[in-house]
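Notes follow once the structure below has been shown.
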Amino acid sequence: MKKSKCMYVCMYVCMCATAFAQQRISDGTANAAINTNAVLEIQSNNKGLLLPRVALTGTANAAPLSAHVAGMHVYNTATVGDVTPGEYYNNGTKWDRMVGASDLNVTVVNQTGDMPYGSYSSSSYANTGVSFNFLRAGTYIIKLQQSYGYISGCQDLVFTFSGATIVTQSVEEKKQLCGNINAEWWTPIYYISVNGPGVVNLKYRVSTGTAVNLSIPGNTGNRAISIN
């Protein structure tokens, strides 16, 4: 009886030690000491880790999981909604795609045309003569870092873009102060999404219709850069 009790105690101690120990899994080709910070380490010199392959239905939808779980990693096999095949991780509220080098296909679109320095006045949107010729669909950030001018009086100078391929855009209003502002430099920044190739034109309007002295010269580095 005493031997049986000792045996059961030893088995229990061994099971507890195994349950709380760090774990190393190896196929025999690698046998390094386990990293002290890892609860589980997989070692191999010629094999990899294959994630569960699932068909996601969208980044906002947890399916095929029952709920969003922060830290969950899967390989998505489906092309549907806003997901494409690739590795995804869950941040607790949605799926995010792991970005690879092939996803960072940056496109730069230079400004064409210019708005020569002069006095302009329009209470409705008018063409500036500046345009951007997008060759593919995507979302872009546009910086007009080489535009300048001055305004007499107090008013807003507003830029916008027009084009058949525009899906969405942000419009920044440039609030001018009262009085003469000579050669004031600014950097209007816009986000624009287009659904295909096409020319997008930059337009302007002045809030009060009063003339504004403005220039948006060409060949000065104004450009659109893709962000997806």
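A few points about this structure:
- Residue check for residue 93: exposed (fewer than 13 other Cβ atoms within 10 Å of the Cβ), within 19 Å of the chain's Cα centre (by Cα) and of a type outside the set (D, E, K, R): yes
- Among the residues of region 99-110, those identified as modelled with pLDDT of 70 or more and not polar (S, T, N, Q) are 108, 109.
- Applying the set (1) modelled with pLDDT of 85 or more; (2) basic (Lys, Arg); (3) within 30 Å of residue 201 (Cβ to Cβ) to residue 94 leaves exactly one unmet item: (3).
- Entry remark, region 26-67: residues being aliphatic (A, V, I, L, M), loosely packed, with under 11 Cβ neighbours inside 10 Å and over 23 Å from residue 92 (Cβ atoms) number 3 in total.
- Of all residue pairs spaced 6 or more apart or on separate chains, those with beta-carbon atoms under 6 Å, a first member in region 66-84 that is in the same structural domain as residue 51 (by TED's automatic domain parsing) and a second member that is among the charged types (D, E, K, R) are 75/53; 75/87; 77/53.
- Total residues in region 152-182, condition at pLDDT below 60 and hydrophobic (A, V, I, L, M, F, W, C): 3
- Selected residue (only one of 118, 129, 113 is at pLDDT below 85 and either at negative phi or surrounded by 11 or more Cβ atoms within 10 Å (Cβ to Cβ) (or both)): 118
The values are calculated or read from the model by the stated rules, or taken from the named source; none is laboratory data. The shown structure was predicted, so the numbers you read here are calculated from the model rather than taken from an experiment. All Cβ positions, even for glycine, are placed from backbone atoms using ideal geometry, and neighbour counts span all protein chains on display.
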